[in-house]
Structure formats: C-alpha cells, structure tokens
Amino acid sequence: MAKIVLENLGHSYLADPKGEHDFALKPVNLTWQDGKTYALLGPSGCGKTTMLNIISGLVAPSHGRLLFDGKDVTNIPTSERNIAQVFQFPVIYSTKTVRQNLAFPLECRGVSPSRIRQRVAEVATLLDLDYALDMPARKLSADQKQLISLGRGLVREDVSAILLDEPLTVIDPQMKFMLRRKLREINRQTGVTMILVTHDQSEAMSFADEIVVMKDGLLQQSGTPEELFSRPQNDFVGYFIGSPPMNMINLDVRQGTLATDALSLTQPSPSESNALLYQLGIRPEHISLVDQTAENVGVGTIKKIEHLGVDGIVTLELAANVVIKAKTRKHTAMSVGTTMGINVCQDDALLYLDGRLAT
Amino acid sequence: MLQIDHLTTADAKVTLDDVSFVFEAGKIYTILGRTGAGKTELLRALMGLNPLTVGTVKLDEEDITERPIRARNMSLVYQQFINYPHLSVLDNVAFPLRRQGKDKAEAHALAGQMLTTVGLGEFLQRRPAQLSGGQQQRVALARAMVKQSRILMLDEPLANLDYKLREQLREEFPRLVADNVESVILYTTTEPREAMELGNTMIVMHDGRVIASGAPADLFAHPPTKDTASVISDPPISFISGFVRDNCLYFSEGHLAPSEGLLLPADGPVTIALRPDAIEPDGAFNAQIGLSEFSGSQTIIHLDFDFGRAIMMVDGIEAFTAGNDISVSIRSEHIMLFAPDGGNITLRNNQNG
C-alpha cells in the first residue's frame, strides 16, 4: 500500500522535445492518498495511458519523479514496484483452473503451500468466486475473468496499488454495473489504492473518489465527482463530464452587465475587455421545465424528446436561436412543438470567460 | 419490405431459435440484447453467412434465402472500423460504386456527396489511418450507405469509440441515414439507452430468440416479460420474490409492499420488479446503504432491505454514506409484477401508462 506522488512528472516520446506540444504528458504535480480510488479520464490520445504506464514502470518518464510513500521509484523496474495491473481484455491462464490462476503469483514467489491455500480462499471469497475455484478459467464469463485478473493482484499482500486499464470495455452494460460495485467493495474491504483509466465519464464518476481529467497531455482538472460536476474549471470539463454536456450560452455586454435574450439571468459587469467571450454554463440537469408563468427565467419550444428509459433529454429552442438541452423524468408527459417555461437557479448558472470558469 | 420467417440455425456460437419479423423500409430497427443474445447471428443469417436449418428471408415478397451474399443488396458496418488502408477516403467510399459499374467521375461525385453528409468533406484525400477512430467509422458508414442497399446493417457500430464520440454520433445518426428511405436499417447494440434513442422500433433478443418488440418508450413502460424488463433496464431493475395473500402484496412475511391502484393477481408467489425510479428517499421502508455511486448527474444508491436488494436513483450529486441506515418510500405506480418461475408473464403493468 502506498501514497503515490507525481512530482513535476512529464513525458515526451521525442528525444529532444522543443516545446509543450512535444509532450505526450505535460509536467504535472499530483498526490494520491493511500487506499482511495482514482480515475484518469479523457479522450483517446489525452495522455492517460502514458501516465498509467509511467506509474507501472512500463514507460520511464523523461521529466520529473514518481514517489511511492516518499521513496523515489522513477527508475525502478516494474517487477520491483509491487503493482498489479488489469487490462482491457482479461489475461488469464485459460488451461488452468480458477484456483491455479489465483495461486500462480504466490507460487512464483515461493510462498508456502498452506499460506497459498489460505490466501486463495480469502481472495475467492472477496470476489464471490468460491464456487468456481475448481472450474477451468476459460469457462467463465468475461466479467468473471476480469475478476480473476484482479484476484491475481490481490493475492499478493505487498501490492502497492492496482492499475485498471479500461477493464470494463468488453463487459455488457448491466454486468459493468455489478462489476463496478464489486471493485468499490474490494477497495473498501482491502484498502488497496486503485487507479482506473477510462474514456467513459459515467464509469469514472461512479468508480472514483477523485478524477483526473486530461486532454492533449494536459491536466484539465482534478477533483471529486461533485466538484467536476458542479464547478467544471473550463468548458472542456463541462463538456466531457456529464451527458449531455453542459449547455454553453453566449453572453453580450450590455450597459455594464452580461446578458442574453434567451434567459433573464444576468451577471455582474465584467472588468476585463469587451472583446473576450463570456458564456453562461448550465447543466441540462439544472434546467427545470414548467408551465409558463411570469416568474420563468426563459421560454423555449420543444424541438426533440429523446426517451432514454427513466430519464429523457428534451431539446429546446429559446429566444435568439439559442438551443439547449434539459434532462428530466417528466419527458413522457411532454410533446414536440409545445412551449415550456424554463427555470434555473442563479447558483447553477456559471460564468465562463474564454472557456475558463470565472465565478 | 424485409420479411423473415422462422429463422433457425445450428452450428454457431449462438443459435437462432425460430426468429420471425417484418421490417419496413425507411425505419430504424434497433436490436438490443446482451453479448450472446444472437444479434450478430441474426445479421449473419440475413446475409447468408450462417446456414439456416429452417426459415426463409424475403425481400419485397421475393424469396432470397438461397441467394448468394453478393446478390442480396445488403451492406454491413462492423464494430471494428474496416476500411481499405491503401485507398484514400474518397476511393474507399467510391469503391462499391465502381464495383457496381459506375464510371470514376460519377462514383467520385456520389462518394464525395456522401462524405460531406457524414462530415468528412475536407478529408477526401487522406488515408484512413490519418483519421481519428470516429472519423474512420464514418468512412465505413459512408461506404455502406453510398450503395443505397435495400438493407443496411450496423453491428454495434459505436462500440469501439470513446464515450463522447459515441454520444456525438448517436445524436447525428438519424440525420446521417435520413436519405436512405428505401433501406431497412438494422442496428444492434448492448446499450439500452442507445437502442431507445435510435430505434423507431426496438427488438429485444435473448438466448437466440426475439422476446419483445415495439416502440421504445412503450416497451420500457410495459415490458411484456421479466427477461425483457431485465435487458432494457440500465441501471439494472431489481427483482424481489414476494407473494400475494388476501389481496395484499408482500415483499416477504411481515413486509407488506405498497399496492394502491394495483390490480393484484390471485394468491400465490410473484416477482416484484422495482426500477430505480420506484424508490425515493424518506418513507416507511428501512434499508442499509450498501454503496453509493455517481452516474453522470445522478446518484445511484444500492439498498439492502430485509427482504432483498434494490437500487434507488436520485437526481443530482448527493452524498449517501455506505453502511448508514436510510428510510425510503416505494411508489406503487412504478411497481411491476411478473410470474415467479420463468413464466415471464406480466400480471399487471404500472398504472400510469
């Protein structure tokens, strides 16, 4: 178990990086506490896998240091880092039984047979795989195979952290849900630090105590799911976290205040130059659609209703051709073409200046 | 119109079991099912790649069951982005037209138009490898659509894309295929939300069979069987084995379930299905919080009741501490009842639909 510190850690795959754009991972400072769950989130090519590979030791960083519990491990080989890794596709010994799969890492370390039996039994219970111990591993479903990959890391008592590289990709939606729950339970019961790489914001939100959002090799924001959802630091985080993305509405400077014809929400007068782009960011979840009254902050015509099950997404056109999306559970009672009143709490409308949170 | 009758296969990883359906041109059919439900097998059977033991495929009344794959007027987009790596984006899309015998100028003109529709008008001379994953899949989609095949099949086309790209292409998809009014469009997916968002009609598959079909919102509100309810609910629906006695519904002995407005079946065991929106904070039922997690803008709370496990979903990001006790209410109008032992018969739908 270990606290992990990334100290000015960066990586360029080029021998002689000229500028920032030559870095796959631009230098970053982060501290991850022992025993918590973290997610590295971002689109393809954002540097999240490079970061994971540096932590596991598969890539040696060109800049900075990596510390496990204060000890510099930057140049220590993978095999000495006590890291366990689960990959996108289950890696199991398909000719062995579940029991043999789980025992293998301990056998390689020369652990006594009685201790191996004990550890395998403990881990099998943790994974709910007791009943399957003597089955051939190849007979199991994809999600069970992923649990075995994880179990091979957990049997070792000296494991510092478990790295999960998009482990839920090949799992069906409903099973993903159960597997995610299992991962959280294992984290709670064992206290092992877990780091998940994913491009799926909902997966990151449900798994992690803290999420590191990345884009183009640059850290965008690191924080709890609540922080990322309620106060995205820039428009990219507002777009990437949440589905549908945050609505961004352009504002005009009018007599010292910022306003839009679409919504009667104003913001205090800007001190900076008028040439900058001001926007109002509002989450689709924070827009309530009601019968029209004089109290509404806006009025919109329903253009589209998408049924997603319990929730629906309603697309509305407001004044000045502004189009927004609202998320609601009342969509089954609405119809396209009708006009709805729109309410938004002032606190849920965030001001962005050139794409950066300004409130 | 595409009509399939009693399609049955042997000798495949998943075998089809008596699948019949009538598809109309100009509509999008989403085929929803878990891995191994038989979705891909159905597409392969339509193409003639899986030999049928029983069954016929008719296109506009004409039997094409024995016709070779080339002559079936079908296109397929796979999960993996499959393009010709040595050809430009334009030539990739023009290729099927050239094979149909169109001259180069006409093929290029049509391909260029199609690529503009899918938003790749500025990348005509690039090679596929110089594009992002989402763009490569659009090239494959354009190549499948440009032929104007009577049957356009898409086998989990977005599965290999990033979450956000998926979100974007899902939004664009109806517009991309809007011109294919002569085509029957079949779209397979494992994601209930995707199937509901894209399908004019949703077809639910399970164990090689079609177990339900209909308008997505209707199917969601009134799943005809327990398996259907299970396949189309994400987050998962919870099932609790209860019973009816003296016109009262029980979760278990001593735990009365709410049933105002429900027409209860005769005394005996039932399966009570609770969707996440059936449970709300505060009320007469006590549970322990097993786990709380965020999903986008919602908080999903796993509850352990004395009588079983269920999931509650509340809007917004709220802290619920695992291990704590909580009281909740269960809304009878969102309860569904099913026959207990694989009978999969809806005894009573919820009353508000």
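Results, tabulated for the structure shown:
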read-out	value
Under 19 Å from B:Lys147, Cα to Cα: aspartates and glutamates that are on another chain or at least 8 residues apart	B:Glu24, B:Asp60, B:Asp91, B:Asp103, B:Glu106, B:Asp155, B:Asp179, B:Glu182
With every protein chain in place, region A:307-359: carbon and sulfur % of accessible area (1.4 Å)	51 percent
Sequence-distant lysines (8 or more away, or on other chains) whose Cα lies within less than 24 Å of A:Lys325	A:Lys303, A:Lys304, B:Lys164
On Cα atoms only, tilt of A:142-154 relative to the major axis of chain A in degrees	60 degrees
Near-label residues of region A:282-325 by backbone N, under 11 Å of a point 7 Å along Cα→Cβ of A:Ser264	A:293-299
Over 28 Å (Cα to Cα) - which of A:Lys145/B:Lys27; A:Lys71/A:Lys182; A:Lys36/B:Lys226; B:Lys27/B:Lys104; A:Lys145/B:Lys39 fall in this group	A:Lys145/B:Lys27; A:Lys71/A:Lys182; A:Lys36/B:Lys226; B:Lys27/B:Lys104
Cα-derived Rg to Rh of region A:270-350, Kirkwood definition	1.03
Region B:236-338 shape via C-alpha gyration tensor axes, a/c threshold 1.5	prolate
Amide H within-cut-off set for A:Thr193, under 5 Å, with H built and near neighbours excluded	A:Ala2, A:Gly35, A:Ile162
Within a Gaussian network of chain B (alpha carbon springs, distance under 10 Å), most fluctuating of B:Phe81, B:Phe239, B:Phe294	B:Phe294
Choice from A:Thr169, A:Thr95, A:Thr224 showing the highest fluctuation, given a GNM over chain A with Cα pairs closer than 10 Å	A:Thr95
Relative contact order (%) - region A:243-357, alpha-carbon pairs under 8 angstrom, separation at least six	30 percent
Mean accessible surface per residue for chain A, computed with a 1.4 Å probe while every protein chain stays in place, in Å²	42 Å²
Summed buried accessible area for B+A [probe radius 1.4 Å, Å², rounded to 100]	3700 Å²
Under the Debye formula (equal points on every Cα, no solvent term), log10 I(q)/I(0) of region A:1-111 at q = 0.11, 0.19, 0.23 Å⁻¹	-0.45, -1.07, -1.33
Over chain B: Kirkwood hydrodynamic radius from C-alpha pairwise inverse distances, Å	22.6 Å
Estimated inter-spin distance, B:Glu66 and B:Asn200, nm [label 7 Å along Cα→Cβ]	3.3 nm
Cα-based convex hull, region B:66-128, per residue volume (Å³, whole number)	104 Å³
Three-way shape call for the protein assembly as shown based on the alpha-carbon gyration tensor, with the a/c threshold at 1.5	rounded
Of A:Lys48, A:Lys325, A:Lys304, the one that fluctuates the most in a GNM where chain A has Cα springs shorter than 10 Å	A:Lys304
At 1.306 mPa s and 10 °C, Stokes D of region B:226-293 from Kirkwood alpha-carbon radius, µm² per second	117 µm²/s
Residues of type lysines that A:Lys26 reaches as a straight line, Cα spacing below 18 Å, ignoring anything fewer than 8 places off in the same chain	A:Lys18, A:Lys48, A:Lys215
A:Asn250/B:His255 FRET efficiency (R0 60 Å; Cβ-Cβ; nearest 0.05)	0.65
Simple Cβ-charge dipole of chain A, Lys/Arg +1 and Asp/Glu -1, about Cα centre, in debye nearest 20	1220 debye
Difference of contour (0.36 nm per residue) and Cα-Cα distance, A:Asp72 to A:Arg138	19.8 nm
Cα-projected label distance for A:Thr332 with B:Glu280, points at 7 Å along beta-carbon direction, nm	1.5 nm
Computed log₁₀ I(q)/I(0) - Debye formula, equal Cα scatterers, no solvent, region B:182-249, q 0.19, 0.20 Å⁻¹	-0.77, -0.83
Efficiency of FRET from Cβ geometry, A:Gln88 and B:Gln125, R₀ 22 Å, rounded to 0.05	0.10
Stretch in chain A that is longest and holds no chymotrypsin sites (Phe, Trp or Tyr not before Pro) that DSSP places in a loop and that have at most 15 other beta carbons within 10 Å	A:94-359
Solvent-accessible area per residue for chain B (1.4 angstrom probe, square angstrom)	42 Å²
q = 0.10, 0.12, 0.15 Å⁻¹: log10 I(q)/I(0) that the Debye formula gives for region A:4-239, counting C-alpha atoms only	-0.48, -0.69, -1.03
Förster radius 41 Å - calculated FRET efficiency between A:Glu20 and A:Gln189 (Cβ-Cβ, nearest 0.05)	0.45
Nearest 10 degrees, 0 to 90: helix A:113-126 Cα axis against chain A principal axis	20 degrees
Rounded percent of accessible protein surface that carbon and sulfur make up, region A:145-206, 1.4 Å probe	45 percent
Rounded if a/c under 1.5, otherwise prolate or oblate - region B:23-180, Cα gyration tensor axes	oblate
C-alpha long axis of helix A:98-108 to longest principal axis of chain A, angle in °	70 degrees
Sequence-separation-based contact order of chain B, relative, with Cα cut under 8 Å and 6+ spacing, percent	16 percent
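The values are calculated or read from the model by the stated rules, or taken from the named source; none is laboratory data. The model shown is predicted, which means the values in this text are computed figures rather than measured ones. Quick reminder, even Gly has a Cβ in these numbers, built from the backbone with ideal geometry, and neighbours come from all protein chains shown. Accessible surface areas use protein heavy atoms only, side chains included; no ligands, DNA or RNA. Shrake-Rupley method; radii C 1.70, N 1.55, O 1.52, S 1.80 Å.
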